[in-house]
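The values are calculated or read from the model by the stated rules, or taken from the named source; none is laboratory data. Predicted model, so just to flag it, every value in this text is computed and none were measured. Cβ placement follows ideal geometry from the backbone for every residue including glycine, while neighbour counts extend to all protein chains displayed. All accessible areas refer to the heavy atoms of the entire protein, side chains included, with ligands and DNA or RNA removed. Shrake-Rupley method; radii C 1.70, N 1.55, O 1.52, S 1.80 Å.
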Amino acid sequence: MPGKHDSMDNAREITASASSFERNTRPFAAVFLFSVLLGLFQVRILSSPLRHIVSDMHGYVDRAQQLAAGMPAQPFDIFYPPGTHYFFALFFLFFSKPLALAILAHVQAVLVAGANICFGLAVREFFRSSRAGIGAALGASLYWPLTGQASFFMAELPFMLFSMLGLFLFARAFNGAQTRLSLFLSGLTLGTATLIKAQGICAFAPLPLVLLFLPQARAFRSHLFHLCLGFAIPVLLQLAINSAHLGRAVFFLSANDAFNLYLGQSRREAVGCFDKSSGYFYIFHNNNAGLDYRFLAPEILPVSILDREYFRKKTAELWRSDPMLQLIRSLQNTVELFEINPRWPLRNIPQFARADLIFQYLFFLFAVLPAFITCAAHLNSRCLEPYVVCAVVPVLAVGAVSFFCSGQPRYLLPFSYSFILLAVPFYRALFMREQVAPINKALHPPANTQRLCLAQSTMIGAAILIGLFFAAKAAVKTAYLSRTPERASSLQDNYLEPPLPKESLAAWFEFGRNGHLVTVKHLTQPGISAELSGFLTGRPWPRAVSWHASAENQGTLRLRFSPQAVSKIALYLTDGDSYFRASRIRSENTDVIAAELHNGAWYVIYPSASESSAGLMTLSMQKLLGRSVSISALAVSR
């Protein structure tokens, strides 16, 4: 009875297939559970993300709450890519804020574990080896800077999950498993990752290249449409949402692209934007500024942070003024992206900085160096495998982005998986003795002289690549330091020369000197007096101009004089405890932002007609940056 035997054979195949699937799944499930436990240890024992809701994390949480509450969109809501807001809002829809944040803190551990296991599954598909996939997932789980991201409510974790899921689906399609559907879902997940972080474009970039140019993908070339369609759906949807918010057609996912461009190209520690019409003040810091990279002082601009055209023009002005300097600055941005950074990525957990640094060195030794060997082997054999393209192109793309924007290591961190992926064939050939061409020939050459030469040239090629990498970094850093003088404290000689005619100087007041709030240094015209409200005598700074009066948030200066007796005044501000102090000064006809004050600056202010007639000028001062509003002197011209 053939039919009966056929059905029995099919049953055995199904049973064997199910048993094989179970055997392949159990180790991955164990690694997933292990990774979750590491993440929970991070968020519950080492450092909870509830302790670090600051800066952009605060923005993600606040906007998610507004979305869940159905509040109308504000223009600033399109500054960030919106994917993180959408994801966090799901929790605020169903839970109160304290409970939602508590649940989300634990979900962070699941996100990092999910990213690790999706990466392991992608490795399994690329190399058709469960052992390779399990080893890669385990290695990613043990790399603490990746797991440490669970301590922050940031975009990196959901981005890593969606980008690794997209990579797995692409590798699955490459092996012929439901090719059209897998490619479509791969594009869809990477498009979603792009809504979370714009670097999703870097993660997506290698996939069309593989389908278009690698001979191994010739059979799948006709399915490129499905990949691009999946990627386009979330991207086009968000473009439509942004256009609806702004009331006009726009073609950007988030409005921070031009701002980030200027922040990186200006090499400022921070760039702040004060929109006087709306009263909104936003400032963003270059997170590399705490290191010895010689950044310029923070800059405060009187413009909306959403004015993309303004920042594009400012960046163009920098390149027109000194193209060579800007080229060096841009290359320095890229160098910083690949630096081993003692403060990042675990920026808010300084007690673990040393351990984080050790892990970064170990990662370089056990992942980056083998990745160089893999690349050298493929270059030497003139053969590119799909996994090489999928690993190398995103890293190169992020490096290209950092050339124009800042090179913060957190931008490269989600692409640590690329280095692990490139290291996999090295360890397979080294320990498992599996035939992984072409690297297997390099590590285990047969007694054939030609292949032995191939192995030697591969190792020499890897050494050359590493040498070029470090030589280029050193050359760029040397050129940058030669063109960027070290920022030093001057003697503040400008204090002795206020920008007023000496012959018309009517009064000179000093604030906070010798324990007195107001001291008269010079007075030639009677009837002039100055009084401060909201200010206290400040502790002396170790500077030439050490005295100052300080107000915690805002204060007022009133200058009284005889009507029509004053033509202009000059206010001296300085900063002795940081490079970050910035203040807003307002009078009837003046609204100025005082910044870059470390070496002192005079600000000339003219009285309005009504102030001159009344014999009273009132200056209100508001802190924008720094610990306080601080003023040191006032000169008056008749």
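Details
- Three-way shape label, segment 462-558, alpha-carbon gyration tensor, a/c 1.5: prolate
- Shape class for segment 39-194: oblate, because the ratio a/c of the largest to smallest gyration tensor axis (alpha-carbon atoms, square roots of eigenvalues) is 1.5 or more and b/c is at least a/b.
- Convex hull (Cα only) mean projected area of segment 149-301, reported in nm² to one decimal: 12.4 nm²
- 41 Å tail of the calculated P(r), the chain, as % of Cα pairs: 39 percent
- Rounded to whole Å, the principal axis extents of the Cα atoms in segment 480-638 read 53, 32, 31, largest first.
- Percent of Cα-Cα distances greater than 18 Å, calculated over segment 51-101: 23 percent
- Measuring against 30 Å, Cα to Cα, the residue pairs K276/K473; K197/K623; K197/K313 contain K276/K473; K197/K623 as the ones spanning a longer distance.
- Under a 5 Å amide H cut-off, with hydrogens placed 1.01 Å from N, E299 pairs with A270, V271, G272 among residues at least 5 apart or on other chains.
- A cut-off under 14 angstrom between Cβ atoms defines the neighbours of W319, and their net charge, with Lys, Arg +1 and Asp, Glu -1, is +4.
- Per residue, the chain exposes 44 Å² of accessible surface when a 1.4 Å probe is rolled over the protein heavy atoms with every protein chain present.
- Over the chain, DSSP H runs of length four or greater, each weighted -39,500 (n - 2.57), average out per residue to a 222 nm ellipticity of -17000 deg cm²/dmol.
- Rounded tilt (10° steps) of 416-427 against the dominant C-alpha axis of the chain: 30 degrees
- Taking 0.36 nm per residue of sequence separation and removing the Cα-Cα distance, the R483/S243 pair yields an extension gain of 82.2 nm.
- Packing order of peptides 624-631, 516-523, highest average first: 624-631, 516-523 (average count of other Cβ atoms within 10 Å over each peptide's residues).
- Orientation-averaged projected area, Cα convex hull of segment 319-403 (nm²): 7.9 nm²
- Accessible surface of the chain, 1.4 Å probe, proportion on carbon and sulfur as whole %: 63 percent
- Under the convention that each Lys and Arg Cβ holds +1 and each Asp and Glu Cβ holds -1, the size of the dipole of the chain around its Cα centre is about 940 debye.
- Taking a Cβ cut-off of under 13 Å around Q622, the surrounding Lys, Arg, Asp and Glu residues balance to a net charge of +3, with basic ones at +1 and acidic ones at -1.
- For segment 52-142, the set of trypsin sites (Lys or Arg not before Pro) satisfying both a DSSP loop assignment and a count of at most 14 other C-beta atoms within 10 Å is given as R128.
- Percent breakdown of C-alpha pair distances by 10 Å bin, ordered from the shortest bin, for segment 492-537: 23, 48, 28, 1
- Straight-line reach from K521: taking Cα to Cα under 23 Å and skipping same-chain neighbours fewer than 8 places apart, the lysines in range are K502, K568.
- Rounded to 5, the percent of DSSP beta bridges in the chain classed as antiparallel: 95 percent
- For segment 573-636, Kirkwood radius (reciprocal of mean inverse C-alpha pair distance, Å): 12.5 Å
- Shape call, segment 208-297: gyration tensor on alpha carbons, a/c limit 1.5: oblate
- When peptides 567-577, 295-305, 189-199, 71-81 are ranked by their average number of other Cβ atoms within 10 Å per residue, the highest-first order is 189-199, 567-577, 295-305, 71-81.
- Segment 183-259: chymotrypsin sites (Phe, Trp or Tyr not before Pro) in DSSP loop, at most 11 other beta carbons within 10 Å: F251
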